[in-house]
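Asker: Got a structure for you, questions after.
All of the numbers you see were taken from the coordinates with simple rules; none came from a lab. Since this is a predicted model, take the numbers as computed values, not measurements. Virtual Cβ from ideal backbone geometry, glycine too; neighbours counted across all protein chains shown.
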Amino acid sequence: MSKFLMLIRSIKEKLFAKGQKQPSIEAKLSKPGEGKIPVIEPSLPTTSPSKRQQPYFIQIGFDFGTSFSKCVCRDVMTDKAWVHIPSKSNGHELPFLIPSVLLFINGKLQYVPEQGVHYPEGGLYHLKQALVKVALTKMDDPVLEPYRRVCEQSDIGELRSFVEYCAVYFLAGALGTVREQISQRMPDFGNHPQDYMAVNLDVPVADAEQPEVNRLYHAILCEAWTMADKIPGHPSLYLKELESLRKQNLSANEQAIRDACFIYPEVSANVQGFVRSRVSSPGMYLFSDTGAATVDQSTFIFIRKPDNTEHLTYLCGKVLPCGSSRIEFSAAEIRGIMDPKTLEMFREKKEIGDTEPELVQARHRLAEQLVKGTTATLACTKKKLNVKNQIERIRVIFGGGGHCEYPYKRSVLTEPFSCSLFSTAIQPDVVGLPIPVDLDIGNSQSRWMSRLAVAYGLSFIKSDLAGFTYPKDVEPPEPDQVWPRTKDIPDLISKDQV
């Protein structure tokens with residue numbers, strides 16, 4: 001552990017009784033109307049610019065989402081967190097959502113701040129997936145089509161480089177805005193020589209365990225972190241202007257920057273509040289996280305070690321192309337029109353539960369894919385188990401902004417758990433995520449947590465995050481290591497039982 005983190009720990013021990021677990025992650029079990037926590041506006045200063053004896057340590061948790069990103073910041077010294085609310089989100093039902101859509105018009109990269117616009121003309125969307133595809137050199141993947149179209153219509157050069165430019169631009173502009181609001185909240189930040197700020201970013205388990213993906217995400221995050229103060233709020237930039245800024249940005253590879261930027265598995269972040277709470281219990285879990293482009297599924301065994309730290313051993317991680325946006329894409333494909341206007345129309349109809357034939361057919365298609373994908377996740381999991389029937393005690397956690405009854409919940413809980421992987425059909429327990437009490441949201445905003453769980457989990461400093469083991473590091477047992485299912489052997493049959 002670095003000297004700086006040791007200093008932080010010693011200061012925290014003075015603020016909290018030594019050995020006492022911070023009261024930040026316990027489930028809020030108050031009665032309706034009790035235990036309300038007031039919402040603190042992002043711009044409200046929490047300290048005066050007087051001389052401080054102790055440094056600030058602000059940890060930013062940034063959930064890089066396919067359609068929307070989310071951010072939670074934490075004052076590590078007081079162990080209190082707050083939700084970052086973009087200044088232009090007034091009037092929105094979910095004001096914390098940060099649209100992850102860009103435009104490239106007349107040679108300029110631009111940001112689309114409107115929550116209701118997902119597929120604009122000239123739009124560059126699903127950036128998170130695009131970055132994964134170029135990292136894996138899957139340059140023919142359909143998710144890259146909007147970026148490929150721009151490259152073919154202009155002289156901006158290589159497709160991979162363009163996607164990287166887009167990622168740096170988006171993350172730097174968003175993180176710059178977050179840092180501006182932190183400065184408004186803490187006007188004297190930087191006055192103490194040891195004031196410190198760091199950022200954690202999430203990547204799905206199946207992607208994060210691939211070194212080329214992890215390396216690219218970390219490199220992009222480091223670069224965006226060092227550029228954040230130069231382009232807060234996403235000013236429109238010619239690509240050459242952004243290129244110039246990147247060339248001037250020489251500190252991204254410094255060790256201090258690399259240490260301040262951390263990549264963490266998305267599921268681990270999602271369940272961080274759960275595993276640290278008193279309501280959690282060790283065991284095996286399937287986490288199914290429905291996003292805009294994908295359903296990220298992981299199975300893991302959660303244990304709590306003797307030193308009271310948590311660890312997740314991942315058995316399987318899959319990124320299934322079954323996200324909620326696939327419904328409008330499939331519906332548009334069925335109709336035979338794939339332009340942005342049609343995609344936007346089907347998206348709006350989908351969100352109000354419309355039963356137009358193309359949408360109904362698209363949901364059925366996706367349900368079939370998700371049943372197969374979930375069954376494959378469970379089959380992969382069972383191969384890693386020494387005691388095969390251990391899988392029958394698995395519990396399920398759902399997450400993600402796209403989760404709903406059909407096709408997502410029903411497809412996961414029905415057919416996959418009644419297939420031949422199980423001795424008999426089972427109904428796994430569904431576990432809910434607790435509402436953290438250290439986060440400044442009121443009871444009326446508790447419904448936000450389904451969208452904020454990842455950003456909240458990322459708001460803990462990396463030394464406090466639950467340890468994990470990637471699926472690739474968990475080898476299937478050898479045949480002689482597999483424990484056979486024990487059978488009940490009846491006593492000898494007496495003549496009276498014949």
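Asker: Which whole-Hz ³J(HN,Hα) couplings does region 343-348 yield from phi under the Karplus relation 6.51 cos²θ - 1.76 cosθ + 1.60, θ = phi - 60°, glycine and proline marked x?
Answerer: Residue by residue, region 343-348 yields 4, 5, 5, 5, 4, 5 Hz.
Asker: Here's another thing I want to ask about it. Could you line up Val474, Val150 from fewest to most neighbouring Cβ atoms inside 10 Å?
Answerer: Val474, Val150
Asker: Right, something else. Expected output is a single nm value to one decimal: the length gained when fully extending between Thr309 and Glu351, i.e. 0.36 nm times separation in residues minus the C-alpha distance. What is it?
Answerer: Numbers: separation 42, 0.36 × 42 = 15.12 nm, distance 4.05 nm.
Roughly 11.1 nm would be gained on extension.
Asker: Using the basic label-point model (7 angstrom from Cα toward the beta carbon), what is the Thr414 to Lys240 distance in nanometres?
Answerer: 5.9 nm
Asker: So if we plug the beta-carbon distance of Glu392 and Lys341 into 1/(1 + (r/R0)^6) with R0 = 35 Å, what FRET efficiency do we get, rounded to 0.05?
Answerer: Calculated value: 0.15.
Asker: Still on this structure, I have one more. Which of the peptides 391-398, 172-179, 138-145, 307-314 is most tightly packed, and how do the rest follow, judged by the mean count of other Cβ atoms within 10 Å per residue?
Answerer: Values: 391-398: 18.0, 172-179: 23.4, 138-145: 14.5, 307-314: 16.5.
Highest to lowest by the protection proxy: 172-179, 391-398, 307-314, 138-145.
Asker: A further question follows. Arrange the following residues from fewest to most other Cβ atoms within 10 Å of their Cβ: Glu266, Glu254.
Answerer: Numbers: Glu266 30, Glu254 12.
Placing the least packed residue first, the sequence is Glu254, Glu266.
Asker: So if I place +1 on the C-beta of Lys and Arg and -1 on the C-beta of Asp and Glu, and nothing else carries charge, what would the dipole magnitude of region 281-433 be about its Cα centre? I want it in debye, nearest 20.
Answerer: 660 debye
Asker: Say each of Lys462 and Val117 gets a label point 7 Å from the Cα, pointing the same way as Cα to Cβ; how far apart are those two points in nm?
Answerer: It is 3.6 nm.
Asker: Measuring from centroid to centroid over Cα atoms, what is the spacing of region 63-104 and region 132-161 in Å?
Answerer: Centre-to-centre (Cα) distance: 27 Å.
Asker: Here's another thing I want to ask about it. Taking 7 Å along the Cα-to-C-beta vector as the label spot, tell me the His192-Leu421 distance in nanometres, rounded to one decimal.
Answerer: 4.8 nm
Asker: For a label point 7 angstrom out from the Cα of Val360 toward its Cβ, which stretches of region 322-347 have the backbone nitrogen within less than 19 Å?
Answerer: Zone members listed by number: 327-336, 346-347.
Asker: Order these peptides, 286-298, 419-431, 183-195, by their mean beta-carbon neighbour count within 10 angstrom, highest first. Walk me through the intermediate numbers first.
Answerer: Values: 286-298: 26.6, 419-431: 12.8, 183-195: 14.7.
Averaged packing, sorted descending, gives the order 286-298, 183-195, 419-431.
Asker: Now for a different question. Specify the inter-centroid distance of region 392-415 and region 341-378, based on alpha-carbon positions, in whole Å.
Answerer: 15 Å
Asker: Considering only C-alpha atoms, what is the centroid distance from region 206-274 to region 452-466, in Å?
Answerer: 17 Å
Asker: Which residues does a label at Ala256 reach in region 212-229, if reach means a backbone N under 14 Å from a point 7 Å past the Cα toward the Cβ?
Answerer: 226
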